[in-house]
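**Q** Would you mind keeping the following structure in view while I ask a few things?
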Amino acid sequence: MLNRIYNNDFTNVLRREVSRIIGSRTTWFLILIGPLLSFFIVISIFREGVPADLPVAVVDEDNSATSRQLIRMIDATRIASVSRCAVTLEEARESIFAGTVEAVFYIPAGMEAAVLRGEKSDVTLFVNNTNVVKGGLLQSGIYRAVNTLSTGVKMQTAMKGGAVQSQALEQVYPVRLDSRTLFNPFTNYAYFLATALMPLLIVVFTLLGAIYAIGLEIRNDTGKQWLNTAGDCMVTALAGKLVPYIFMMLFSVSVMNYLLVRFMDFPFHGYWGALILGQILLIVAYQMVGVVLLSLTGNTRLSLSLASAYSMMAFTFSGLTFPVIGMPLVARFFAHLFPFYYWMDLFIGQGLKNAPMVSSIAPLLGLLIFCLLGWMMTPRLKRVVLDDQYRYKI
Amino acid sequence: MFRKIYTGSQLVARFFTDELKAVFQDRGALLILLIALVIYPVIYGIAYKNEVVRNIPVVVVDLDNTASSRQLGRMIDASEQLVVTSGVGSLADAKAQFYQGDVSGVVLIPNDFERELMTSGQTTVSVYSDAAYFMMYKQTLSGVLRASATFGAGVEIKRMLAKGVPMEQAMARRDPVALQSVMLFNPAGGYNSFVIPGLLIVILQQTLLIGIGLLGGSERERRRRRFTIPGTLHSGAVMPVLFGKAGAYFFIYLINVVITQVWVYHWFALPSKGELLPVMALMVPFLLAVTFMGLAVSTFFSRREHSIIFMVFLSPLALFLSGLSWPASAIPTWLNGLAKLFPSTTMVPVFLQVRTMGAGLNHVAGAFYTLSLQAVLYALLALVLFYIAAKRNKA
């Protein structure tokens, strides 16, 4: 009885695979070193959080107490740091081209005089919007600084007219906007990128690992031996082969979860069971994508090339950088062809929004379909493994 | 001497054509070195083709239901970013719609909205925006912000007019120091124009590195005596091999430069202020640096699959380390220094300066020299590694 548990086709394949893994440095890279190394780099890139103190040049033609106060206020913002003062607009333009400043703030002559006369005066901000993230942050940060000054002037005018301070404040801000940020209290771009980048790397290593593990059998002509160990059953052979990889990738996933929660203070709200189920399905789904690619091409290297493109593209279509609903129809359709899309949907629904469980059923089913797709391909994979034409020729 | 140079250049030509043939006979390599350069930009370009997200559906909860509150609702609907899909009577209904995914934001107008405005008090409009998707959050907030600011400005001016302040003065008093923002080089803040130019550079680099490694690994596997040279030259003279191979990849990538820099730019109307000359002046040392780096790295791959396995995961990292979407100033110094090993880290920012912003070569001279130096150093490194590999092969 005990013998049957320890000595069946499945455990035989499993044992065979474990000894193959132990002897292969490349496989160790794919299942452990690569994921951990890339997590370390991702965490290091995004550790600082929000970009701060971007260099801004100031052209102050007014050179008055008010203009100097405005410059100090801009310098005091978190996002901007005044790096150059009292240059001409022409010089400032050159430093934008040379990449030494990100924006130029221009105060025309007569600004203070106009303010004192009760007239309107304009100050101008030229932002290098090549990088829309940096440009947007600079624009809104400096806008707030100028607005603070402007409001101060307004309140003084109102108070001169006899209003008390609280009245003055109500007068200058008739409609106040109360912004409630849902689900991501940090509104920090780093969290968006890191939370998608780490699972993307998991996906890359899972897919390449599965193709490498199976492909090596095909090209090195060990496929028949592999199938024999599994009692000539392709499904058993695949299960025994891929189970060690599933466990190793789940280890990396646990490290990722730990880093997200403990290290990046990521707010997890929803039901963790659904997330873990999703992570298991995500790994199996990508392994099965590997099975599909190998079955269709019968060529390990071509499968790896296709797989690397396929796994990278998933990032774009996860909707995290640019929302999928903002894409053209064909791209929106395309997004559904990546298991990663369903994972992000599930992750944001459960992890961030604490959405009702019902809304997580569809993405989980989406992942499941990819798993079944691989299972349906097993007869074809068996033909590829047994057919000599796919053997590696020198 | 003269004879030696002659045979040397003949050999370079032979290795050049050999390598080109090898590329075109290998489906996997061809896919990475040539076809990927067309497919990647097209797919990314289509995904981001709309540039900005417009008409995000929001729901307005109007508890006031007066002429003023309805006007604010209309102004939100009229904003470029948002479209009001429905009005509901309670926050609970709005919440339900939100979780069903029908709307991406909720605007709440309180029930004493108009009365507060009439009695020159202050009123608060709440906006609930979905920050799980960054772009949606930004657009929702800025849409509502702009609508309510415009609405508020109208209220302020009406109040001042009521007090007998003349129109012109009222306008001036409303915002005594106004900020005019000029968003240079990408005025609409388009996502395609932001991401694709730098992405093209990283794609050029990564496909070239992986492609070279793929063929290098294959050769090593075939156990061809790749680094030794037939008798005419003394053994170990690996120069012709290196330059022949480098020439072949450089040639293929000149085609890719035309595809990515002319065709893709035209197709997606990417911002191009620069002249082609400074762009090419940067592109030549960049491609040479990447080619020699690829050839140096390829000596470590003993199997043809290895280049994909060990290098694909670096692609998204190289992208973020280049400072394209994440400012390099926020990356720790040691990592930024390490990232300089990739030519893309130097290339991406200066390429954007030249191509998107229209800076001249004089503005990016430093980077030009850095890339050239990188090309020379990687060539020397490749030469040494080829030499070591040739010796090992002989032994």
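**Q** Name, by its number, the condition in (1) in a strand (DSSP E or B); (2) surrounded by 20 or more Cβ atoms within 10 Å (Cβ to Cβ) that does not hold for residue B:57.
**A** The one condition residue B:57 does not meet is (2).
**Q** If only one of A:116, A:89 is without any contact (Cβ under 8 Å) to a residue 60 or more places away in the chain, out of contact with any helix residue (DSSP H, G or I) (no Cβ under 9 Å at 6 or more places or on another chain), farther than 28 Å from residue B:316 by Cα and not small (Gly, Ala, Ser), which one is it?
**A** Exactly one of A:116, A:89 is without any contact (Cβ under 8 Å) to a residue 60 or more places away in the chain, out of contact with any helix residue (DSSP H, G or I) (no Cβ under 9 Å at 6 or more places or on another chain), farther than 28 Å from residue B:316 by Cα and not small (Gly, Ala, Ser), namely A:89.
**Q** Here's something else I'd like to know. What pairs can you find where one residue is in the stretch A:291-307 and crowded, with 20+ Cβ neighbours inside 10 Å, the other is among the basic types (Lys, Arg) and not in a helix (DSSP H, G or I), and their Cβ atoms are less than 9 Å apart, with a gap of 6+ or different chains?
**A** A:300/B:304; A:301/B:304
**Q** Being surrounded by fewer than 22 Cβ atoms within 10 Å (Cβ to Cβ) and in contact (Cβ under 8 Å) with a residue 12 or more places away in the chain is the filter here; which residues of the stretch A:218-228 pass it?
**A** Result: A:219, A:220, A:221, A:224, A:227.
**Q** Residues that are in contact with a helix residue (DSSP H, G or I) (Cβ under 7 Å, 6 or more places away or on another chain) and within 14 Å of chain A (Cβ to nearest Cβ): does the stretch B:1-21 have at least one?
**A** Looking for residues that are in contact with a helix residue (DSSP H, G or I) (Cβ under 7 Å, 6 or more places away or on another chain) and within 14 Å of chain A (Cβ to nearest Cβ), one finds none in the stretch B:1-21, hence no.
**Q** Name every residue in the stretch A:113-141 that is buried (at least 20 other Cβ atoms within 10 Å of the Cβ) and closer than 21 Å to residue A:161 by Cβ, in order of residue number.
**A** Within the stretch A:113-141, A:115, A:121 meet the criteria.
**Q** Continuing with the same structure: Of the residues B:112, B:175, B:102, which single one is among the acidic types (Asp, Glu) and facing chain A (nearest Cβ under 8 Å)?
**A** B:175
**Q** Considering only residues that are within 44 Å of the chain's Cα centre (by Cα) and part of a loop (DSSP other than H, G, I, E, B), look in the stretch A:121-167 and name the one that is nearest to residue A:73 (Cα to Cα).
**A** Within the stretch A:121-167, the match that is nearest to residue A:73 (Cα to Cα) is A:129.
**Q** Could I ask something else about it? Just to be sure I understand, how many residues within the stretch A:196-214 are among the β-branched types (Val, Ile, Thr) and either surrounded by fewer than 24 Cβ atoms within 10 Å (Cβ to Cβ) or more than 9 Å from every other protein chain (Cβ to nearest Cβ) (or both)?
**A** 4
**Q** Follow-up question, since we're still on this one. Might you check whether a residue that is of a type in the set (Gly, Ala, Ser), crowded, with 20+ Cβ neighbours inside 10 Å and under 28 Å from residue B:303 (Cα atoms) occurs anywhere in the stretch A:360-370?
**A** Checked against the condition, which is being of a type in the set (Gly, Ala, Ser), crowded, with 20+ Cβ neighbours inside 10 Å and under 28 Å from residue B:303 (Cα atoms), the stretch A:360-370 yields no hits at all.
**Q** I'd like the residue in the stretch A:199-251 that is touching a Gly at 6+ places or on another chain (Cβ under 7 Å) and of a type outside the set (Val, Ile, Thr) and, out of all such residues, is farthest from residue A:292 (Cα to Cα).
**A** A:230
**Q** With the checklist (1) among the polar types (S, T, N, Q); (2) assigned to a helix (DSSP H, G or I); (3) crowded, with 16+ Cβ neighbours inside 10 Å in hand, flag the one item residue B:17 doesn't pass.
**A** With (1) among the polar types (S, T, N, Q); (2) assigned to a helix (DSSP H, G or I); (3) crowded, with 16+ Cβ neighbours inside 10 Å applied to residue B:17, the lone miss is (3).
**Q** Go through the residues of the stretch A:373-382 one by one and say whether even a single one is surrounded by fewer than 23 Cβ atoms within 10 Å (Cβ to Cβ), part of a helix (DSSP H, G or I), within 13 Å of chain B (Cβ to nearest Cβ) and among the polar types (S, T, N, Q).
**A** Looking through the stretch A:373-382, none of the residues is surrounded by fewer than 23 Cβ atoms within 10 Å (Cβ to Cβ), part of a helix (DSSP H, G or I), within 13 Å of chain B (Cβ to nearest Cβ) and among the polar types (S, T, N, Q).
**Q** Can you pull out the residues in the stretch B:102-118 that are surrounded by 17 or more Cβ atoms within 10 Å (Cβ to Cβ) and part of a helix (DSSP H, G or I)?
**A** B:113, B:114, B:116, B:117
**Q** Look at the stretch A:95-112 and say how many of its residues are buried (at least 17 other Cβ atoms within 10 Å of the Cβ) and within 24 Å of residue B:358 (Cα to Cα).
**A** Of the residues in that region, 11 qualify.
**Q** Quick check on residue B:357: is it closer than 21 Å to residue A:131 by Cα and part of a loop (DSSP other than H, G, I, E, B)?
**A** The answer is yes for residue B:357.
**Q** If only one of A:80, A:52 is more than 8 Å from chain B (Cβ to nearest Cβ), among the hydrophobic types (A, V, I, L, M, F, W, C) and either out of contact with any Lys or Arg (no Cβ under 7 Å at 6 or more places or on another chain) or buried (at least 16 other Cβ atoms within 10 Å of the Cβ) (or both), which one is it?
**A** A:80 is the lone residue from the list that is more than 8 Å from chain B (Cβ to nearest Cβ), among the hydrophobic types (A, V, I, L, M, F, W, C) and either out of contact with any Lys or Arg (no Cβ under 7 Å at 6 or more places or on another chain) or buried (at least 16 other Cβ atoms within 10 Å of the Cβ) (or both).
**Q** Quick one: in the stretch B:41-54, which of the residues that are surrounded by 20 or more Cβ atoms within 10 Å (Cβ to Cβ) and over 13 Å from residue A:331 (Cα atoms) is farthest from the other protein chains (Cβ to nearest Cβ)?
**A** It comes out as B:41.
None of the figures in this text is laboratory data; all of them are computed from the coordinates on show. Keep in mind it's a predicted model, so treat the numbers as computed, not measured. Note that we place each Cβ from the backbone using ideal geometry, even for glycine, and neighbour counts take in every protein chain shown.
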